[in-house]
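J.: One structure coming up, written as structure tokens, with questions to follow.
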Amino acid sequence: MIKVAVATLGCKVNQYESAGILEALLKEEFSIVPFTAEADCYIINTCTVTGRADYQSRQLIRRASRRNPEASIIVTGCYAQVAPHEIACLPGVTVVAGNAEKEKIPAILREMVNGKKRTLVGNIRQVREVSRLPVTRFSGHTRAFLKIQDGCNSFCSFCIVPFARGRSRSLPEGEVMDRIAMLSRSGHREVVLTGIHLGAYGQDLNPPANLLHILRNVEEQRIVERLRLSSLEPTEITDEMISLMKDAEIICRHLHIPLQSGDDKILSLMGRSYDTASFRRLLEKIWHAIPDIAIGTDVMVGHPGEGENEFKNTVRLLEELPLAYLHVFPYSERPGTRAARLPGRVGQAEKKRRVEILKELGKQKRDTFAERFKEKKLPVLIETEKDSTGFMRGFSDNYIPVVITGGNSSLANQIVYVIPDHVQDGKLFGKLYGRKEYRQ
């Protein structure tokens, strides 16, 4: 049997697509081995959202080539899409496959002859249908990702993703519901709806569909125990969505809403479609309706034009908002984007300083949010059997990591109630209170 190893970098969409590739390979009786093992073929699903992601992709390619110099290496994903010739020149690379070609990888693997080099990267901007590569289960995971949307039409100044993923396109609503039900039947208690621009879901379909309708249907039909949303843009969270989440039993009390900058000048340079005042009003509206909701955000430091005053405005806004967590990252110049042509560059040392300031603030936010739930009964999806510390771990519906002091391995992949008694490093520690009953 041909031994194949797969490595994935980047977002939940990439992880979903890698799972689809693995499932297709297993159906054709390829042998799947860890990426750290010697394989006949290595598949590397790359990311290109930052320069560091490009570097990590190249590292994985070199690592695979050293592990087995005779192996075939297939490189796919966003880095492969935007820089195919750069990747094709790397030692050991046999095939470069673009994002639209991912679902053909099992066929490519079958047809590879004598390590002949090939570059299979089409024009992603002309792709109008979302990939149908199915995933029936995420082996070893309690939470399953489901990609229902791909591509982005926004073209923010700093972002390479529209060039790597193409235009926004969506999975038809009936297929979305069928796949949620299928993942639930496979034993997944929680499904995470994901996409490159999730809030744009359905706008390309005929007739148009929308995310709110899917949420309503899942809540009414109860086809899975928990449904979680990945990132949504501030302008795409409507009063109707907030009202639905307020009374929901299935939809998790958790939203990830990218801010990117807390300064209006920088938001304008970024090409974002909101200002800080509207962002603040939105979050206040959500918190008023759903007081225990976890809201996390992305924030970028060092975008061209961000001076010390602009950075201080970001810090001030984040300090004032009771966010549950922050994802902080430095601006990374991406060739071909508008930001790459802007003046006012920020040095690497200064970007690093700003990242550290916001990461420390993020730690404080995590602890403060978690502290609110001490001595409160929380529903927790247990994700693992007992680890080396003897504890079981999971996540609450409002996305707090929880460590259970007690319980046994039979609780893995169960939703239970936990009453936490203390907080450490943003995690809640507590005792098992009982299992949560699921009413279909």
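J.: Conditions: (1) of a type in the set (Val, Ile, Thr); (2) free of Cβ contacts under 8 Å to residues at least 40 places away in the same chain; (3) part of a loop (DSSP other than H, G, I, E, B). VAL49 meets all but one. Number of the miss?
T.: It fails just one condition, (2).
J.: Working carefully through the options PHE163, PHE158, find the one that is open to solvent by 10 Å² or more (accessible area, probe 1.4 Å) and either touching a Pro at 6+ places or on another chain (Cβ under 7 Å) or in a loop (DSSP other than H, G, I, E, B) (or both). Walk me through how you get there before you give the answer.
T.: Values: PHE163 fails: either touching a Pro at 6+ places or on another chain (Cβ under 7 Å) or in a loop (DSSP other than H, G, I, E, B) (or both).
Just one listed residue meets the conditions, PHE158.
J.: Here's another thing I want to ask about it. Filter the stretch 286-297 down to the residues that are open to solvent by 10 Å² or more (accessible area, probe 1.4 Å) and in a helix (DSSP H, G or I) and list them by number.
T.: Selection gives TRP287, HIS288, ALA289.
J.: List the residue pairs whose Cβ atoms are under 7 Å apart, where the first residue sits in the stretch 163-182 and is at positive phi, the second is at pLDDT below 95 and open to solvent by less than 50 Å² (accessible area, probe 1.4 Å), and the two are 6 or more positions apart or on different chains.
T.: Qualifying pairs under 7 Å: GLY166/ILE124; GLY166/VAL127.
J.: For the stretch 178-191, does any single residue satisfy the condition of being within 17 Å of the chain's Cα centre (by Cα), surrounded by 16 or more Cβ atoms within 10 Å (Cβ to Cβ) and either in a loop (DSSP other than H, G, I, E, B) or not aromatic (Phe, Trp, Tyr) (or both)?
T.: Applying the first criterion (within 17 Å of the chain's Cα centre (by Cα)) to the stretch 178-191 yields 190-191.
Right, trim to surrounded by 16 or more Cβ atoms within 10 Å (Cβ to Cβ) and you get 190-191.
Of the ones still in play, those that are also either in a loop (DSSP other than H, G, I, E, B) or not aromatic (Phe, Trp, Tyr) (or both) are 190-191.
Yes: one or more hits.
J.: Does the stretch 73-86 hold any residues that are surrounded by fewer than 24 Cβ atoms within 10 Å (Cβ to Cβ) and either of a type in the set (Phe, Trp, Tyr) or in contact with a Ser or Thr (Cβ under 8 Å, 6 or more places away or on another chain) (or both), and which are they? Full working, then the answer.
T.: Taking the stretch 73-86 and keeping what is surrounded by fewer than 24 Cβ atoms within 10 Å (Cβ to Cβ), we get 83-86.
Answer for the stretch 73-86, where residues must be surrounded by fewer than 24 Cβ atoms within 10 Å (Cβ to Cβ) and either of a type in the set (Phe, Trp, Tyr) or in contact with a Ser or Thr (Cβ under 8 Å, 6 or more places away or on another chain) (or both): ALA83, PRO84, HIS85.
J.: For the stretch 17-46, what are the residues that are closer than 30 Å to PRO162 by Cα and assigned to a loop (DSSP other than H, G, I, E, B)? Break it down into steps so the answer makes sense when it comes.
T.: Narrowing the stretch 17-46 to residues closer than 30 Å to PRO162 by Cα: 17-25, 35, 41-46.
Selection gives PHE35 alone.
J.: Which condition breaks for GLU103 when tested against (1) at pLDDT 95 or above; (2) part of a helix (DSSP H, G or I)?
T.: So the condition that GLU103 fails would be (1).
J.: Taking the stretch 202-228 as the search range and keeping residues that are part of a helix (DSSP H, G or I) and of a type in the set (S, T, N, Q), which one is most open to solvent (accessible area, probe 1.4 Å)?
T.: Filtering the stretch 202-228 for residues part of a helix (DSSP H, G or I) gives 211-221.
Filter once more, so that each one left must be of a type in the set (S, T, N, Q): 217, 221.
Values: ASN217: 27, GLN221: 105 Å².
Of everything passing the filter in the stretch 202-228, GLN221 is most open to solvent (accessible area, probe 1.4 Å).
J.: For the subset of the stretch 87-100 comprising residues that are in a helix (DSSP H, G or I) and touching a strand residue (DSSP E or B) at 6+ places or on another chain (Cβ under 6 Å), which member is least open to solvent (accessible area, probe 1.4 Å)? Break it down into steps so the answer makes sense when it comes.
T.: Taking the stretch 87-100 and keeping what is in a helix (DSSP H, G or I), we get 87-88, 99-100.
Going one step further and asking which of them are touching a strand residue (DSSP E or B) at 6+ places or on another chain (Cβ under 6 Å), we end up with 87-88.
Values: ILE87: 0, ALA88: 29 Å².
Selected residue: ILE87.
J.: So which residues in the stretch 20-59 are among the β-branched types (Val, Ile, Thr) and crowded, with 20+ Cβ neighbours inside 10 Å?
T.: Narrowing the stretch 20-59 to residues among the β-branched types (Val, Ile, Thr): 21, 32-33, 36, 43-44, 46, 48-50.
ILE21, ILE43, ILE44, THR46, THR48, VAL49 - these are the residues of the stretch 20-59 that are among the β-branched types (Val, Ile, Thr) and crowded, with 20+ Cβ neighbours inside 10 Å.
J.: Can you report the number of residues in the stretch 60-84 which are within 13 Å of PHE35 (Cβ to Cβ) and within 22 Å of the chain's Cα centre (by Cα)?
T.: Residues meeting the conditions: 1.
J.: Considering only the stretch 261-285, state which residues are surrounded by fewer than 20 Cβ atoms within 10 Å (Cβ to Cβ) and either touching a Pro at 6+ places or on another chain (Cβ under 9 Å) or under 22 Å from ASP367 (Cα atoms) (or both).
T.: SER273, TYR274, SER278, ARG280, LEU282, GLU284
The values are calculated or read from the model by the stated rules, or taken from the named source; none is laboratory data. Bear in mind the structure is a predicted one, so any value in this text is a computation, not a measurement. Quick reminder, even Gly has a Cβ in these numbers, built from the backbone with ideal geometry, and neighbours come from all protein chains shown. Remember, those area values only see protein heavy atoms, side chains included, never the ligands or the DNA or RNA. Shrake-Rupley method; radii C 1.70, N 1.55, O 1.52, S 1.80 Å.
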